[in-house]
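Student: One structure is given below, represented as structure tokens, and several questions about it will come after.
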Amino acid sequence: MLNYKECSIEEFNAAMKEKDNDVRSISDSHLYILYTKFKADSIHCAYVKTSYASGLSVGSSQRANTYKTELLRRGADVI
């Protein structure tokens, strides 16, 4: 599976269109793209240290954890 930086722009856009779908309906590859993207967002926003960025960081972290939990449930190796 490719992370959000390694996948094609078409795959990234397709995954982003599914970000609000039920995680059980998202393919493994798109789920991994979403997981890596939201995990990176949460880390980057945490460094800004404003209340707005902190809120984005928490939201992105929660979303990344949701995707990670589903990937682990499916038996995927997740970092």
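Student: Using the Karplus equation 6.51 cos²θ - 1.76 cosθ + 1.60 (θ = phi - 60°), what ³J(HN,Hα) coupling, rounded to whole Hz, does each residue of the stretch 13-19 give in order, writing x for Gly and Pro?
Tutor: Using θ = phi - 60°, the values come out as 4, 5, 5, 5, 5, 9, 4 Hz.
Student: Along the charge dipole of the chain, which of Ala46, Tyr4, Ile33 sits closest to the positive end, that is, farthest toward it, with unit charges on the beta carbon of Lys, Arg, Asp and Glu (+1, +1, -1, -1)?
Tutor: Among Ala46, Tyr4, Ile33, the one farthest towards the positive end of the dipole of the chain is Ala46.
Student: Are there trypsin sites (Lys or Arg not before Pro) in the stretch 1-71 that DSSP puts in a loop and that have at most 14 other Cβ atoms within 10 Å, and which ones?
Tutor: For trypsin sites (Lys or Arg not before Pro) across the stretch 1-71 that sit outside H, G, I, E and B with at most 14 neighbouring Cβ atoms in 10 Å, the list reads Lys5, Lys49.
Student: Which percent of the accessible area of the chain is formed by carbon and sulfur heavy atoms (probe 1.4 angstrom)?
Tutor: Roughly 53 percent, rounded to a whole number.
Student: Tally Lys/Arg at +1 and Asp/Glu at -1 over every other residue whose Cβ is under 15 Å from the Cβ of Ser57; what's the total?
Tutor: Surrounding charge for Ser57 is +3.
Student: Taking the alpha-carbon distance from Lys5 and a cut-off under 18 Å, which lysines remain once sequence neighbours fewer than 8 residues away in the same chain are dropped?
Tutor: Cross-link targets: Lys17, Lys19, Lys37, Lys39, Lys68.
The values are calculated or read from the model by the stated rules, or taken from the named source; none is laboratory data. Predicted model, so just to flag it, every value in this text is computed and none were measured. Ideal geometry is used to build each Cβ from the backbone, glycine not excepted, and the neighbour counts take in all protein chains shown. Calculation scope for accessible area: heavy atoms of the full protein, side chains included, ligands and nucleic acids excluded. Shrake-Rupley method; radii C 1.70, N 1.55, O 1.52, S 1.80 Å.
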